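Any read-out appearing in this document is the output of simple, stated calculations on the displayed coordinates, not a laboratory observation. Model, not experiment: these values are computed from the prediction. Note: ideal-geometry Cβ built from the backbone for every residue, glycine included; neighbour counts use all protein chains shown.
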Amino acid sequence: MRVRLDDPSLIRLGRLKKRAEFLAVAATRRKWAAQGVIVQLRRWDGAPGEGAEDGPDGCDVRVGYTASRKVGNSVIRNRARRRLRAAAAEVLGRRAAPGHDLVLIARSETVRRPFASLVADLDRALEKLGAVRREPAEAAGQGA
């Protein structure tokens, strides 16, 4: 499925870059481990400028990617992070609920896992962590 960048239904993705941001996500201890990826989640606290509608850096969801030495050498770690970025672009733009920080941690299986399975792992992790965006049609259908 090809994602259109000008689609207004997509959420804006930002990046976690500082170590303190990664540690803040890890401190919440909300995570889901799948075969291809570990997903950690933190809901924004609603501080001024950090509400669900207007997050830090003007984005809806911020994502960080990490791969430890356990995954492999630098070539393998970089490949794992690239695969996680591609899976995140496929899933998070249309499925993630605004107002969250996510950290995607590569596992040794991340590089060998078929891409469709990696996308399914990330999608399932969002569902299990309760970070799936409700579609407007679903919300309208419940009122009737």
- Residue-count net charge about Trp32 - beta-carbon cut-off 12 Å; Lys, Arg +1, Asp, Glu -1: +2
- Search the structure for amide H atoms under 5 Å from the amide H of Val63, placed 1.01 Å from N in the peptide plane, and list their residues when 5 or more places away or on another chain. Gly14, Arg15, Leu16, Leu102
- Query: Which order results if Thr28, Thr66 are arranged by neighbouring Cβ count within 10 Å, fewest first?
  - Reply: Thr28, Thr66
- In nm, spacing of pseudo-spin labels at Arg12 and Ala33 (7 Å Cα→C-beta vector): 3.6
- segment 13-131: C-alpha gyration tensor shape, a/c 1.5 cut-off, then a/b vs b/c: prolate
- Query: R0 = 30 Å: FRET efficiency of Arg69 with Val132, Cβ-based, nearest 0.05?
  - Reply: 0.40
- Task: Give the distance, in whole Å, between the Cα centre of segment 19-35 and the Cα centre of segment 57-78.
- Result: 12
- Item | Other-chain or far-sequence residues with amide H under 5 Å of Ala96's (modelled H) | Arg133
- Rounded to the nearest 5, what is the percent of antiparallel bridges among the DSSP beta bridges in segment 13-131? 55
- Message: Less than 9 Å Cβ to Cβ from Val63, Lys/Arg counted +1 and Asp/Glu -1: what total charge do the surrounding residues give?
- Response: +2
